[in-house]
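The values are calculated or read from the model by the stated rules, or taken from the named source; none is laboratory data. Remember, predicted model here, so these are calculated numbers, not experimental data. No Cβ is skipped: glycine too gets one built from the backbone with ideal geometry, and neighbour counts run over all protein chains shown. We work out accessible area using only protein heavy atoms, side chains counted, and drop any ligands, DNA or RNA first. Shrake-Rupley method; radii C 1.70, N 1.55, O 1.52, S 1.80 Å.
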Amino acid sequence: MLRIDALRAVYPRLEQCVVVTIMGAVSAELQSLGHRPGFFYLQHAMGLASSMGLGIALARPELPVVVLDGDGSVLMNLGGLTTMARYRPRNLVHVVFDNESLLSVGGFPTATSTGSDIAGMAAAAGIPRTAEARTIAEFTAAFDEALRAGALTTLVAKVEAKGPPVFLTDLPMLENRFQFERYLRSLRASGG
Amino acid sequence: MPVSVKHSQVIYDALKACGVSLVSALPETWLVHLIRMAEDDPEMTLVRLAKEEEGVGISAGAHLAGAKSAMLMQNHGFLASVNGIVSLARLYRIPLLMLISYRGEFGERDPWQTEGGGTTEPLLQALDIPYERLDEPGHVAHRIRKAQALTESSLKPVALLLCRDLMWEE
């Protein structure tokens, strides 16, 4: 499964959610499908996208929040799995694209390439729902279930270590940040 | 345990008066009462962390979602949070109100706290983070209010150092 195909398959649902992504390929690929004001791309601070998603989900329990994480980032903040599990916001879906590689910085293999199991670690951390998907059909079905479940889910999508040729986009980080904040404020004003 | 309940309450009340509704924390001795106050307060969301750097992400998310937050941590937790402070809070212009218990200063009896004590202020300066000491109850509310105003207007992290003379009763 290619990550871009997985993103394309659930893009219509992502448009309805508040989305926080990690840096590099995930950010560039989601933007290539179409930026939305509810999409925030964390271009650095590896590991903290899931913590940001947790902060948003706790502060705004009425909003469906999706984090698009990666194996390298999760491995940098394994303790964050236990924090998410502890507070387990019902409005948070944690997707981890596991390509067993630090693709954005040279493609070096991560520990998932030698057997470390992110879905297993998430379950052991106490995340109430976990799933692993290897095909687009599995991923789409599991993502839809997670959105409907009303319980914190970590969904690991096993994907190929392939990404876009460039990661730079024409959306400056600060423009993204202020647009995202304004958008979340507008949802509050409209009662959404 | 001679951690001052009274002064912890002064600090907690000042945070509430600033509109702080979410506190992330990793326990340490000087913070026990503050964390318990947050836990007992139905208006406060307390997020107990595994490692302090997570708190930068949680505060960033809370800020973008419209909630005021504060981080409660020991100075060694501040040392552990540096990349998040630099490559999230500063890179993305996120306000961050950090309350840092200042271990390892004059009076410290725990040998293991002493290296972090000497590193705290030079690191705050190197990171260009404005900070003030909280070392007596009379100025606590005023300094927390000012710190909150600056972090919100500058969209940058600020720090308050919770000092021995305020936190510890001997």
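Structure values in brief
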| quantity | calculated |
| --- | --- |
| Per residue value of the accessible surface for region A:139-192 (all protein chains in place, 1.4 Å probe), Å² | 54 Å² |
| Point-charge dipole on Cβ atoms (K/R +1, D/E -1) for region A:95-178, about Cα centre, debye to 20 | 100 debye |
| Projected-area mean, the protein assembly as shown, by convex hull of Cα positions, square nanometres | 17.9 nm² |
| List of region B:79-105 residues, accessible area with partners at least 40 Å² below that of the chain alone (1.4 Å probe) | B:Ser87, B:Leu88, B:Leu91, B:Tyr92 |
| Average beta-carbon neighbours from other chains, 10 Å sphere, peptide A:76-85 | 4 |
| Burial of 20 Å² or greater, region A:30-55 residues [accessible area, probe 1.4 Å, versus chain by itself] | A:Phe40, A:Leu42, A:His44, A:Ala45, A:Leu48, A:Ser51, A:Met52, A:Gly55 |
| Of all DSSP beta bridges in region A:1-153, antiparallel share, percent nearest 5 | 10 percent |
| Kirkwood hydrodynamic radius of region A:59-104, from inverse mean 1/r over distinct Cα pairs, in Å | 11.7 Å |
| Approximate spin-label separation A:Ala189-A:Thr140, in nm, with each point projected 7 Å along Cα-to-Cβ | 3.7 nm |
| 3J(HN,Hα) from dihedral phi, region B:118-129, Karplus parametrisation 6.51/-1.76/1.60, rounded to Hz, x for glycine, proline | x, 9, 5, 5, x, 6, 4, 5, 4, 8, 6, 9 |
| Accessible area buried, both sides summed, chains B and A with 1.4 Å probe, Å² | 2300 Å² |
| Per-selection Kirkwood Rh - chain A (Cα, Å, 1 d.p.) | 16.4 Å |
| Solvent-accessible area, 1.4 Å probe, carbon plus sulfur percent, for region B:55-103 | 51 percent |
| Dipole in debye (nearest 20) - chain B, about Cα centre, beta carbon charges: Lys, Arg +1; Asp, Glu -1 | 540 debye |
| Dipole of the protein assembly as shown, positive end: most advanced residue of A:Leu63, A:Gly80, B:Val82 [Cβ charges, Cα centre] | A:Leu63 |
| Kyte-Doolittle at least -1.0, axis length at least 18 Å by Cα - qualifying DSSP helices, chain A | A:136-149, A:173-189 |
| Accessible surface, 1.4 Å probe, highest first, among residues A:Asp71, B:Asp110 | B:Asp110, A:Asp71 |
| Of all accessible heavy-atom area on chain A, the percent that carbon and sulfur account for (1.4 Å) | 56 percent |
| For region B:33-76, radius of gyration divided by Kirkwood radius, i.e. Rg to Rh on alpha-carbons | 0.96 |
| In order through region A:106-117: 3J(HN,Hα) via Karplus (6.51 cos²θ - 1.76 cosθ + 1.60), integer Hz, x for Gly, Pro | x, x, 5, x, 8, 5, 5, 6, 10, x, 5, 10 |
